[in-house]
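J.: Structure below; questions to follow.
The values are calculated or read from the model by the stated rules, or taken from the named source; none is laboratory data. What you see is a predicted model; the values in this text were computed from it and never measured. Here the Cβ positions follow ideal geometry from the backbone for every residue, glycine too, while neighbour counts run over all protein chains shown.
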Amino acid sequence: MNPKTYHHISSNPSSVKSRFTRGFLRAFKKIKRQQRPYLYGRVKIAADKSLALAVGSRRAWSRALLWKIHYKAWRQRSRFNNKKKLLKENKKNKKNKKKKNDDEEVGFRHAKELRKLVPGGEAMDLCSLLDETAHYIKCLITQVQVMKSVDQIYSF
Amino acid sequence: MSSRRSRSRQSGTSRITDDQINDLVSKLQQLLPELRNSRSDKVSAAKVLQETCSYIRNLHREVDGLSERLSELLATTDTAQAAIIRNLLMQ
């Protein structure tokens, strides 16, 4: 994978859109075919996963989002409660250490809040956090647009 | 997970300049419907970040709502109808 860069060349939004649309519809069809319960959660996961896959591994937020989805699935399958607690504690320690670095220095109180909203944001420095946030917002807008049109077509 | 950690440690050593931050903040501002039309020197960075957070939260809520709607549709649409739509979409 690429090392971190601060270039602002975002991947072409229209191609992300078409890749997302194709991936999401494919996942949607699969959910429909299987007809298992917990449809709401599965549609949501399909939407997030398709978005992250459409963006690819160049972006930190999409890598983190994919990782989160896989981790959640793994956690549901296995019940290693002790391990879970350990991981949680590690995360907390890391967060506290990180916060003191740039955020307070630059005076961004709201960066803390933003870190929780952008996938993988807790492990980023401020610069990449802002860069990733901009890209993430663009992709979320695309996600909403596509899902809205799928909804419109289906409810005809 | 481990690869992500090591990467963040590496990048932590690079210095961030105010110009870079300002540039990124104004880029963010352009994406926010609330602040897009106001001049960048009139809006503080804190305000931009605050609006960004609430905008992302709104988008998340919208995605949640749409997922719910789509899953309801999945549960109700009959297969024949869905097949026609699928064919239309796949053209």
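J.: Restricting attention to the stretch B:34-67, report how many residues are under 15 Å from the mean Cα position of the chain (by Cα) and among the basic types (K, R).
T.: Of the residues in that region, 2 qualify.
J.: For the stretch A:70-91, state whether one or more residues are in a helix (DSSP H, G or I), closer than 30 Å to B:K47 by Cα and modelled with pLDDT under 85.
T.: Scanning the stretch A:70-91 turns up at least one residue that is in a helix (DSSP H, G or I), closer than 30 Å to B:K47 by Cα and modelled with pLDDT under 85.
Quick grid of which residues meet (1) away from chain B (no Cβ under 13 Å); (2) surrounded by 12 or more Cβ atoms within 10 Å (Cβ to Cβ); (3) modelled with pLDDT under 90; (4) touching a strand residue (DSSP E or B) at 6+ places or on another chain (Cβ under 6 Å):
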site: A:K4; (1), (2), (3), (4): no, yes, yes, no
site: A:F24; (1), (2), (3), (4): no, yes, no, no
site: A:I31; (1), (2), (3), (4): no, yes, yes, no
site: A:L53; (1), (2), (3), (4): yes, yes, no, no
site: A:S57; (1), (2), (3), (4): no, yes, yes, no
site: A:A64; (1), (2), (3), (4): no, yes, no, no
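J.: Name the pairs: first residue in the stretch A:60-71 and within 13 Å of A:H135 (Cα to Cα), second residue charged (D, E, K, R) and modelled with pLDDT of 90 or more, Cβ to Cβ under 8 Å, at least 6 apart or on different chains?
T.: Note: pairs meeting the criteria are A:A60/A:E132; A:W61/A:E132.
J.: Among the candidates A:G120, A:G107, which residue alone is at pLDDT 90 or above and within 10 Å of chain B (Cβ to nearest Cβ)?
T.: Every option except A:G120 fails the conditions.
J.: Residue under question is A:K112, and the condition is that it be more than 7 Å from chain B (Cβ to nearest Cβ) and either part of a helix (DSSP H, G or I) or modelled with pLDDT of 90 or more (or both); does it hold?
T.: Yes.
To keep it simple, each residue is scored yes or no on (1) surrounded by 13 or more Cβ atoms within 10 Å (Cβ to Cβ); (2) modelled with pLDDT of 85 or more.
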{"site": "B:S3", "(1), (2)": "no, no"}
{"site": "B:Q10", "(1), (2)": "no, no"}
{"site": "B:R15", "(1), (2)": "no, no"}
{"site": "B:E34", "(1), (2)": "yes, no"}
{"site": "B:E62", "(1), (2)": "yes, yes"}
{"site": "B:T76", "(1), (2)": "no, no"}
{"site": "B:A80", "(1), (2)": "no, no"}
{"site": "B:I85", "(1), (2)": "yes, no"}
{"site": "B:L88", "(1), (2)": "no, no"}
